[in-house]
1. Could you work out the local net charge near L42, counting Lys and Arg as +1, Asp and Glu as -1, over the other residues with Cβ closer than 15 Å to its Cβ?
2. Just add up the charged neighbours of P100: K/R +1, D/E -1, any other residue whose Cβ is under 11 Å from the Cβ of P100.
3. For percent of Cα pairs over 17 Å apart, one of [x] 62; [y] 72; [z] 50 was computed from the structure I shared and the rest are decoys. Which label?
4. Using a Gaussian network model of the chain with C-alpha springs under 10 Å, which one of A87, A66, A56 is most mobile by mean-square fluctuation?
5. For Q11, what is the net charge nearby, where nearby means another residue's Cβ is under 9 Å from its Cβ and Lys, Arg count +1, Asp, Glu -1?
6. If you place +1 on the Cβ of every Lys and Arg and -1 on the Cβ of every Asp and Glu, how big does the dipole about the Cα centre of the chain come out, in debye to the nearest 20?
7. Could you size up the charge dipole of segment 7-67 around its Cα centre, putting +1 on the beta carbon of Lys and Arg and -1 on that of Asp and Glu, and report it in debye to the nearest 20?
8. Please order T30, T36 by the number of other Cβ within 10 Å, starting at the fewest.
Amino acid sequence: MFFFFVGGVEQGAGRVLKEAAGRCLRCGGTADLVETEKALKLFFVPVWRWPGKDPAYLCRECGLLAPGSLGAEPGPSLLPREARCGACSRAVDPQFRFCPFCGSAL
């Protein structure tokens, strides 16, 4: 007899605790402080949900869910301005000479 099983645990965002609580680490956009929740999925259908332990930051623009321990106060981005591509505005390593996302010179 052969059994085929598809399942897993997925972390997602729940209720918003505080709007515009910080900045995204990836794109620098506005991030909300949200409760996290985990869901057990069987064949891509959530069958059991439970709350996460710590809140997290959810970016409004790119959807990144970053741990709340990395939080930042509202204001300037966590990355310096020179660590962003001038053409696509994505965060890049300051040592790069070319953007790895769009290929333009930095």
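Each value in this text was obtained by applying a stated rule to the coordinates, not by laboratory testing. Quantities reported herein were computed from a predicted structural model and do not represent experimental measurements. Virtual Cβ from ideal backbone geometry, glycine too; neighbours counted across all protein chains shown.
1. On the way: positive: K38, K41, R49; negative: E10.
Neighbourhood net charge equals +2.
2. Working: positive: R90, R97; negative: D93.
So the surrounding residues net to +1.
3. Answer label, from the structure shown: [x].
4. In the Gaussian network model the winner is A87.
5. On the way: positive: K38; negative: E10, E37.
Once all neighbours under 9 Å are counted, the net charge is -1.
6. Details: 13 positive and 10 negative charges, 27 e Å.
Dipole size: approximately 140 debye.
7. Working: 9 positive and 7 negative charges, 13 e Å.
Computed charge dipole of segment 7-67: roughly 60 debye.
8. On the way: T30 16, T36 19.
By the 10 Å Cβ count, ascending: T30, T36.
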